[in-house]
Amino acid sequence: MTFSAELWDRGAAKVYDEIVRHPFITGLTDGTLSHDAFRYFIVQDSHYLRAYSRALTLVAARATDEEAVSMFARHAAEAIEVERELHTGLLAQLGLTPADVDAAGSGPTTTAYMSYLTAVCATGTYAEAVAVVLPCYWIYRDVGRELLTRSSPDPVYREWIATYGSPEFDAVVESVLAVTDRLEMGVAERERCHQHFATTSRYEWMFWDAAYHQLDWPV
């Protein structure tokens, strides 16, 4: 079994099943999800992508071969472009501006997820850094595939589904999985990778759930 398959089986398989059954996801595909919840999601995803880009820069700095350095650095830049292009278009359709995103700030789940990513990428090993960023690539790709089979009657949701279910994004994920399967690590480091992968997989579910409930700071 490949290392990535081990990670998925131990840390993401059950979480992924819960994600595709989550009312945020089912609401996207049947069109019943409120636009307020989707606005919350897009705003928070904008904040998250900025932090994810910085985390990928840290992964690139720790990479042990030039190909991986180049790949993660490129993905860091592309995350910012996604935030600018896709979200700018969606924000306009949802009646929001980039200034609204900045004013809203990052919510509690977003802040916790971003902080965990940054901490592991800054202080962990290269393998740990790859493991902690991998769920965002992989779960989004597989959710995108699932959503494409269902689509949505809502044109805004349909646009988002088409982006994350694209062949281009699929190729990006496969390249990261290939890097993951070439990682070399000891037993203790391997276990830490499993822990990080499982944690950010859970954060992926929590991110959808926070958007569905439009979770805000308590005070």
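A few notes on this one:
- Among (1) touching an Asp or Glu at 6+ places or on another chain (Cβ under 9 Å); (2) more than 19 Å from residue 192 (Cα to Cα); (3) aromatic (Phe, Trp, Tyr), the one test that residue 72 misses: (1)
- Which listed residue, of 38, 24, 3, 72, is of a type outside the set (Val, Ile, Thr), over 15 Å from the mean Cα position of the chain (by Cα) and under 30 Å from residue 189 (Cα atoms): 3
- Number of residues in segment 13-57 that are within 24 Å of residue 182 (Cβ to Cβ) and buried (at least 21 other Cβ atoms within 10 Å of the Cβ): the value is 3.
- Checked against (1) within 11 Å of residue 55 (Cβ to Cβ); (2) touching a His at 6+ places or on another chain (Cβ under 8 Å), residue 131 passes all but a single condition, namely (1).
- Scan of segment 122-168 for residues that are surrounded by fewer than 20 Cβ atoms within 10 Å (Cβ to Cβ) and among the acidic types (Asp, Glu), ordered by number: 142, 146, 154, 159, 168
- Any chance residue 175 is open to solvent by 20 Å² or more (accessible area, probe 1.4 Å), within 30 Å of residue 193 (Cβ to Cβ), at pLDDT 95 or above and small (Gly, Ala, Ser): yes
- Test for residue 112: is it in contact with a Cys (Cβ under 6 Å, 6 or more places away or on another chain) and at pLDDT 90 or above: no
- Candidates 55, 13, 37, 51: the one that is out of contact with any helix residue (DSSP H, G or I) (no Cβ under 6 Å at 6 or more places or on another chain) and either of a type in the set (Gly, Ala, Ser) or at pLDDT below 95 (or both) is 13.
- For segment 194-212, a residue qualifies if it is open to solvent by less than 40 Å² (accessible area, probe 1.4 Å) and of a type in the set (A, V, I, L, M), and the qualifying residues are 198, 210, 211.
- Among the criteria (1) in a helix (DSSP H, G or I); (2) over 20 Å from residue 217 (Cβ atoms); (3) open to solvent by less than 20 Å² (accessible area, probe 1.4 Å), the one residue 10 does not fulfil is (3).
- Among (1) closer than 28 Å to residue 154 by Cα; (2) open to solvent by 30 Å² or more (accessible area, probe 1.4 Å), the one test that residue 73 misses: (1)
- Test for residue 61: is it aliphatic (A, V, I, L, M) and either open to solvent by 60 Å² or more (accessible area, probe 1.4 Å) or at positive phi (or both): yes
The values are calculated or read from the model by the stated rules, or taken from the named source; none is laboratory data. Note that the structure is predicted; figures quoted are calculated from it, not measured. Glycine also receives a Cβ, built like all others from the backbone with ideal geometry; neighbour counts cover every protein chain displayed. Just the protein is used for accessible areas: all its heavy atoms, side chains included, with ligands, DNA and RNA removed. Shrake-Rupley method; radii C 1.70, N 1.55, O 1.52, S 1.80 Å.
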